[in-house]
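Written below as structure tokens is the structure these notes are about.
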């Protein structure tokens, strides 16, 4: 009886904790609570870096950190325990399946959330490293965001195109950096000291940042710098356009697989429109006058009417598609 109840509890936790599971009310509340805890915890890490605040609230920060670490550790263990009931078939084995889950991206992120406490327990002395690792807990927010999931899907689908653009950028940086080193090293030997330094200038120019720490002085160098800036603008514009189109495609696919969201939004919009129309009618004293906007759901598929010119009957066979009419019964 105990094993049956444990299995049922594990399956219930799998429904709540699995990232690919459709989100019900309990799952949303759990994700919201974890996201709130992550935001508060990271905020405390940032505020704790201020020395006067850390000295004054050292005990409170330490207590909150212990509580947050305990919650994250329990969450990690529950996810590992319930991973055998996730939808991924590779996780079904009670031992190897859990080990495969522990090597997944989000499982490693969850491990990073509790790693500072483990390092502190093992005697890690560098507190700055511990604070830096604690800031990585912000990666846990990726799990609770649909937008990040869509972006990851875009990168997966457009991986080859993104790789091609990155290759173009790398090729441009290498060639322009080498040319700039050959041209400017004699004029500015203390600035363009090596090809890697010139490649740093190329990165600044391609991204149109222009810190001003490295600037070409020769006419040829400035011409090359202008060409690199134009290439950078075009390549980055192409990259952003590729990501935008891919994101819109993934968003369309997501909405097609979640039609209830669109239906609920349409019903809410219709209800708001009707309420606003009723308030306007009441304010103008038009409650007894039929509204000029008909109820589209109550209209019949065809509107029989008489042509005022020839007297023949006709109908609108499809409401709202276009303004063309066809003879009645055609």
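The values are calculated or read from the model by the stated rules, or taken from the named source; none is laboratory data. Predicted model, so just to flag it, every value in this text is computed and none were measured. Cβ coordinates were reconstructed from backbone atoms using ideal geometry, including for glycine residues, and neighbour counts include every protein chain displayed.
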Q) How many residues are buried (at least 16 other Cβ atoms within 10 Å of the Cβ) and in contact (Cβ under 8 Å) with a residue 40 or more places away in the chain if we restrict to the stretch 89-119? A) 4
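Let me confirm something: among 169, 165, 151, which residue is within 30 Å of residue 35 (Cα to Cα) and surrounded by 14 or more Cβ atoms within 10 Å (Cβ to Cβ)?
None of the others qualify; the one that does is 151.
So which of 147, 208 is under 30 Å from residue 249 (Cα atoms), in a loop (DSSP other than H, G, I, E, B) and modelled with pLDDT under 85?
None of the others qualify; the one that does is 208.
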Q. Which of the residues belonging to the stretch 184-206 are surrounded by 14 or more Cβ atoms within 10 Å (Cβ to Cβ) and closer than 21 Å to residue 168 by Cβ?
A. 195, 198, 199, 200, 201, 202, 203, 204, 205, 206
